Amino acid sequence: MHLFRRLFHRLLLAAVASLSLTVSLSATAQEPRLGQEYTVLDRAQPTDSGKKVEITEFFGFFCPACNAFEPYFEAWIKKQGDRIVVKRVHVNFHELVTQQKLYFTLEAMGKVDDYQLKTFNAYHVDRNRLSTDAEVFKYVEKVGLDKKKFTDIYASFSIQSKVNRAAQLMNDYKINGVPTVAIDGRFMVSPADLFAKAKVRDGSHAGLVVMDWLVDKVYKEKNGAAPAIVPAAPVKKK
């Protein structure tokens, strides 16, 4: 009888926890809580996206949480259609300027969509640290990029300017962890924190539920109404 009571107690606790999670996610989908699911910058940053909603992702190729988030983020971007403009800023928390220059070079070449996930894979699966120019160029050759064109851009003044600009943006947006997503230069979401609290079983997760709500809010402010968004296909696990 004692064993039965213990088993029943555990099942009851599990049921209550499951119900609490469901209620929490439902509430989050309706209206995220300021200070818990998202924060607001003390000083809003300028944006140049017109009537679209500007999304800025702060990330690093070295970051395991960024690596886990990126496939979800890419699926989410596609779901938003033409409502948003996406910008990415590779941070420098570990003096990995080579990784910053790698990203900004891919961006300058218009290759981010093709190589963003591949570059994460190079670091986290292939164990290429991308911490020296030689390691970066080894990766470039492996994935078949035009090495001469890449090298010329990689060593250019414009790329160094982007690295410097990234440092300024990190300061302006008060970035102390990644991935962090800024919406409209004022709302800040930490997908990794929300993901740890509650995963949503639809190919998304709690961070994206909050981002959906904030994008709808800003889009309505700018345009008066938000068009329907097309559901994203579930993200397949690696």
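Considering (1) touching a Gly at 6+ places or on another chain (Cβ under 6 Å); (2) farther than 23 Å from residue 212 by Cα; (3) surrounded by fewer than 16 Cβ atoms within 10 Å (Cβ to Cβ), the lone condition that residue 45 does not fulfil carries the number (2).
Looking across region 114-144, the residues that are of a type outside the set (A, V, I, L, M, F, W, C), in contact (Cβ under 8 Å) with a residue 12 or more places away in the chain and in a helix (DSSP H, G or I) come down to 115, 116, 118, 119, 123, 124, 133, 135, 139, 142.
Taking the criterion of being assigned to a helix (DSSP H, G or I) and at pLDDT 95 or above, would at least one residue in region 178-194 satisfy it? No, there is no match, as no residue in region 178-194 is assigned to a helix (DSSP H, G or I) and at pLDDT 95 or above.
The values are calculated or read from the model by the stated rules, or taken from the named source; none is laboratory data. Values in this document were obtained by computation on a predicted structure and should not be read as measured data. Heads up, the Cβs are rebuilt from the backbone with ideal geometry, glycines too, and the neighbour counts pull from every protein chain shown.
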